[in-house]
Each structure stands twice: as structure tokens, then as C-alpha cells.
1. Not counting ligands, DNA or RNA, and with a 1.4 Å probe, what is Tyr89's accessible surface area in Å² rounded to the nearest 10?
2. Using modelled backbone amide H atoms (1.01 Å from N, in-plane), which distant-in-sequence or interchain residues come within less than 5 Å of Arg54's amide H?
3. Can you give the accessible area per residue of the chain, in Å², using a 1.4 Å probe?
4. What are the ³J(HN,Hα) values, in whole Hz, obtained from phi via the Karplus relation 6.51 cos²θ - 1.76 cosθ + 1.60 with θ = phi - 60°, for each residue of the stretch 40-53 in sequence order, with x given for Gly and Pro?
5. In debye to the nearest 20, how big a dipole does the chain give about its Cα centre with +1 on each Lys and Arg Cβ and -1 on each Asp and Glu Cβ?
6. How large a share of the accessible area of the chain, in percent, is made up of carbon and sulfur atoms when the probe is 1.4 Å and the other protein chains stay in place?
7. Could you tell me what a quarter of the Cα convex hull surface of the stretch 49-92 works out to, in nm² with one decimal place?
8. Pop a pseudo-label 7 angstrom from the Cα along the beta-carbon direction at both Thr14 and Tyr89 and give the gap in nm to one decimal.
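The values are calculated or read from the model by the stated rules, or taken from the named source; none is laboratory data. From a predicted model like this one, the values you see are computed outputs, not experimental measurements. Reconstructed Cβ throughout: ideal geometry from the backbone, glycine too, with neighbour counts over all protein chains shown. The accessibility values were calculated without ligands, DNA or RNA, using every heavy atom of the protein model including side chains. Shrake-Rupley method; radii C 1.70, N 1.55, O 1.52, S 1.80 Å.
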Amino acid sequence: MDTENYAVLKYDSTGTFATQVGRKGGGPGEFGEKMPGIEVFGDTVYVIDKSNRRLNLFTTDLEYVRQVSFPRKAPDIKQIAFDARGHLYGAG
């Protein structure tokens, strides 16, 4: 995570920089805060964006897939986890 540029960074297995995604904002693939939560499950990278109350989904190559908005009545989601069947859980 690049905390100065609101970006998620990817490195290869040797530690060489490969690519990055994101910038400050509210549009697709943008982040409203500098330190979103990140989780990888299967071939999807999930990035929590608390400020924009959503979850951004990317491929493992950091290509934008879609976003899922959190309901307004839900508490701020700060952490996510997956069970063995692939169900997503959020904690505030």
C-alpha cells in the first residue's frame, strides 16, 4: 500500500515492482483514504474503502472488476475475512 498516493502496489516473487492501482477519489478504482484494508481470496483482490463505504474488487493483476457498496445502516467495515466456502464476512 502506497500511503502517499492512495494506491495498492503489486510486487513479483523476487520483490520487483510489477504494477499499481488507485488514486485519491470516489470513482471506480479510487480510494477515499490512504490506508484501506486489503485481502486476497482466490483470484480476486478485495480493497476496503471506508471513506467511500465500499469494497473494490480487482484481479490479481490489479485490473478493476467492480465495487460493492456498504449499506448506510451498516457499521464502518474495517476488516474482512473469508470462510472455506468463499463467504465474505465484514467486521466494524
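1. Using a 1.4 Å probe on the heavy atoms, I get roughly 120 Å².
2. Asp49, Phe70
3. 63
4. Using θ = phi - 60°, the values come out as 10, 9, x, 9, 10, 9, 9, 10, 6, 10, 4, 4, 9, 6 Hz.
5. Working: 12 positive and 12 negative charges, 105 e Å.
The dipole of the chain has a size of about 500 debye.
6. After summing per-atom areas, the C and S share lands at 49 percent.
7. Seen from a random direction, the Cα hull of the stretch 49-92 projects 3.6 nm² on average.
8. About 4.0 nm separates the two model spin labels.
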